[in-house]
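First comes the structure, then the notes that go with it.
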Amino acid sequence: NYDREPTDLFIFLNQPFSFMNRSGHHIWTYVMTVTANDADDSTTANGMVRYRIVTQTPQSPSQNMFTINSETGDIVTVAAGLDREKVQQYTVIVQATDMEGNLNYGLSNTATAIIMVTDVNDNPPEFTASTFSGEVPENRVEVVVANLTVMDRDQPHSPNWNAIYRIISGDPSGHFTVRTDPVTNEGLVTVVREVDYEMNRAFMLTVMVSNQAPLASGIQMSFQSTAGVTISVTDVNEPPYFPTNHKLIRLEEGVPAGTTLMTFSAVDPDRFMQQAVRYSKLSDPANWLNINATNGQITTAAVLDRESAYIKNNVYEATFLAADNGIPPASGTGTLQIYLIDINDNAPELQPKEAQICEKPNLNVINITAADADIDPNVGPFVFELPSVPSAIRKNWTITRLNGDYAQLSLRISYLEAGVYEVPVIVTDSGNPPLYNMSIIKVKVCPCDENGDCTTIGAVAAAGLGTGAIIAILICIIILLSMVLLFVVWMKRREKERHTKQLLIDPEDDVRDNILKYDEEGGGEEDQDYDLSQLQQPENMDHVLNKTNGVRRVDERPVGAEPQYPVRPVIPHPGDIGDFINEGLRAADNDPTAPPYDSLLVFDYEGSGSTAGSVSSLNSSSSGDQDYDYLNDWGPRFKKLADMYGGGEDD
C-alpha cells in the first residue's frame, strides 16, 4: 500500500493564537479555541488530531491555569486567580498530534497561544493619606488650595483608574470643588466662591474618591477611599463699603449752604482689625457738597438749584470715597443721588423779545407767550398784562388772552407813527406763591401794504429813525461826496500845471543816464607785467599824506575838505532839473579833487621794445574827409567840439 499524501504533516490555522480574558474570572471559563489542519483523511486514524497543552508561562499563580479539550481544541480555565495586576499575559504552547494523539506513532506540531488578561475594576482608588490641608486668602476665587493624591492599581488612564472626587461634608455653601488632574489623577481642591475670614476662618471637608467605571461585582469600597481636608482662611485688608449704594434722598431745591443732608457712612468688613475710615469727595460736578472726613456727614456748600445744567432728570449725583489705614490701604466708593423737588424760584420770561406790526390796527397782531424754567405746577397758565405806568402803554396797546399759555398784543389806537417801541409786559405764573416778571418786547411799527407786510420805506422808518434824521443823513452824505470830488479835481489840475512848466534843457540833451564806465583792458603785448594800479586812483591816502613836498602825481587825490553835492530827489519834477544841474555845476567848479586835476601831469616809464611807434608822429588831419556832425547828437557837453569841427561852414 502507498500513502495518498506525499507527506503526513499538518498545520495549525491562524497561529499564533491570541485571546483576552478578564481577570477575576470563575473556573471553567472559556478562553479560546485552537485548530489544526491535517491533510490526511479525517475518517482514518491518520487524520484524527488530538490537542494538549505542553507548557504555560508564567506558572503563576498555578502551573495549570488552563486546560484544553483534546478533540475540539477549546481552552478553558481550570484554576482561579487570574489577576491583571500580577500577570498581564500568559503564553501557552499547544501540541496537536494525529493518530488520535498517539505520541509513538502519530505526527505532531505545536502552536503558541497568547492569553492576555484584561483589566476589571477590582481595585478601588485609595487616598495616600487620611488627611490633607491647604490655605486660601479670603475673597479669592479659582485658586487651588490643596492637592489630593490617590493610588489605584488598575490600568492607568482607563475608566477603571480615572478618579472622581466628591465633597460629601463640610461645605454646605459650595465654596469649593475638587477637580481631577487628567495626567496625575490627583484631586485639585479649588475655590469657586469667595470665602470670608470674618465668617469662616477654616473649613473641614470630607472628600470621597471613586472611579469612572463601577467596581467589579463583589468588590467593596476601601475605607481609604475617603479623606479629610482642612482649609485655613487667611485674613486680608478688605476695602470699606457703603451698605446702600446708590443712596437716594429727596429734598427741595434752594436749601441754603451749610445745611446737613445726611450721614453717608461706610462699613469696614475687617472686624478683627483696628482701623480708621476716612471720607473724601471723588466726584462733585457742581461743587455743591462737603463731607466730614471722620464721620461721613454731608452738608451743602452752595444752594442746590434744580434748573442747573448739572441736574439730569431732577437728580444730582455725587460720588464719595471711603479709605481705611490698613496695610496696604483699601478704599471703596459710594454714590449719593439727590432728587431735587422743584420750587417756584424762576419768574416767567416773555417771548418773543422782538416783533413787527403795522402802523394801522386790525391788519395783524403779535402772538406772545412765556417760558419758565420751573416745572408743573410752578409754570402756566400765565397771566399777561400791561403796566399802568406810563399811561401811554395802555393807551396805545392792548393784550387779548388766547389760552393759559398764549396771548395777543395789538394796537389800541387807529394809527401809530412808524418806529421802534419798547412795550413792557407783566407775565405772572401759577406757582405758590406766584412770581411775575416785567419783560420788554421791542415792536417795530411800520407802514404795510395790502397784505400786511412792511414796505421798504416802512422798514427803514421802523428802524428807529424819523424823517428829519433820514434827511440829515442824506445831506451829510452829499456833502462828503462833494468834498471828495473837489479834492480829485484840484489834484488833476495841479498835476497838469507841473507838466506844462518849460524845462531848462531839452529832454534829448539830457545825458544823465548816458554816461558809461568801462574797465581798463591792460597793457600791450610786452607790458603784461605792468602794475596798472599805479594809473588808478588810490583808495588809501596814507602815502599821499606822508609824501614829501615836490612833484605830485595826477592820480593822487588832493587832500582837503570835499564840497557837498546836492542830493538828487527820489522822484524829481521836470521843472527842478535846471536848479539841480546848476547847483551840481557850482559844486564841481569848487571841488579841487574833481578830475582832471589842475596840475603837472607825470607819466611813468612803460619800458622798451614796444612795437608801437612814437605818439609824436600823430597829428590832426586837416582834410575835410572826416564828418563830425554826429557830435551834435552827443549832448551839450560835446557842443564845443561840434562847433569846432562840425561848424566849418558857418565860419
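Miscellaneous remarks
- Mean separation of Cα contacts under 8 Å, 6 or more apart, over the residue count of the range 335-412: relative contact order %: 31 percent
- In this rough spin-label picture, where each label sits 7 Å from Cα along the Cβ direction, the Ala79-Glu100 distance is 3.1 nm.
- Using heavy atoms of the protein chains and a probe of 1.4 Å, the accessible area assigned to Glu583 is about 90 Å².
- For Trp634, the solvent-accessible surface computed with a 1.4 Å probe is close to 120 Å², ligands and nucleic acids excluded.
- Relative packing of peptides 244-255, 206-217 - highest average C-beta neighbours within 10 Å first: 206-217, 244-255
- Under a 5 Å amide H cut-off, with hydrogens placed 1.01 Å from N, Ala370 pairs with Gln351 among residues at least 5 apart or on other chains.
- Taking label positions 7 Å along the Cα-Cβ direction at both Leu248 and Asn437, the computed distance is 3.1 nm, reported to one decimal.
- Among Tyr105, Tyr421, the order of accessible area from largest down is Tyr105, Tyr421, computed with a 1.4 Å probe on protein heavy atoms.
- Under-5 Å amide H pairs with Ser133, H placed in peptide plane, nonlocal only: Thr230
- ³J(HN,Hα) computed for each position of the range 120-125 - Karplus, 6.51 cos²θ - 1.76 cosθ + 1.60, integer Hz, glycine/proline x: 10, 7, 9, 10, x, x
- For the range 57-165, the list of trypsin sites (Lys or Arg not before Pro) that fall in a loop by DSSP and count at most 14 other C-beta atoms within 10 angstrom reads Lys86, Arg140.
- Residues with amide H under 5 Å from that of Ile441, placed H, sequence gap 5 or more: Val423, Val425
- Short-range pairs are left out: with C-alpha atoms under 8 Å and at least six residues apart, the relative contact order of the range 16-156 is 27 percent.
- Note, ³J(HN,Hα) from phi for the range 308-317, Karplus 6.51, -1.76, 1.60, rounded to Hz, x at Gly and Pro: 5, 5, 7, 8, 10, 6, 6, 10, 10, 10
- Relative contact order computed over the range 212-324 (Cα-Cα under 8 Å; 6+ residues apart), in percent: 29 percent
- For the range 409-422, the Karplus equation 6.51 cos²θ - 1.76 cosθ + 1.60, evaluated at θ = phi - 60°, returns couplings of 9, 8, 7, 8, 8, 7, 8, 9, 4, 4, x, 10, 10, 9 Hz by residue, with Gly and Pro reported as x.
- Solvent-accessible heavy-atom area per residue, rounded to whole Å², over the range 202-244 at 1.4 Å: 50 Å²
- Largest-first ellipsoid semi-axes for the range 295-399, taking √(5λ) over the Cα gyration tensor eigenvalues, angstrom: 53, 13, 11
The values are calculated or read from the model by the stated rules, or taken from the named source; none is laboratory data. Only a predicted model underlies this, so the values are computations on that prediction, with no experimental measurement involved. So basically every Cβ, Gly included, is an ideal-geometry build from the backbone, and we count neighbours across all protein chains shown. Only protein heavy atoms, including side chains, enter the accessible area calculation; ligands, DNA and RNA are left aside. Shrake-Rupley method; radii C 1.70, N 1.55, O 1.52, S 1.80 Å.
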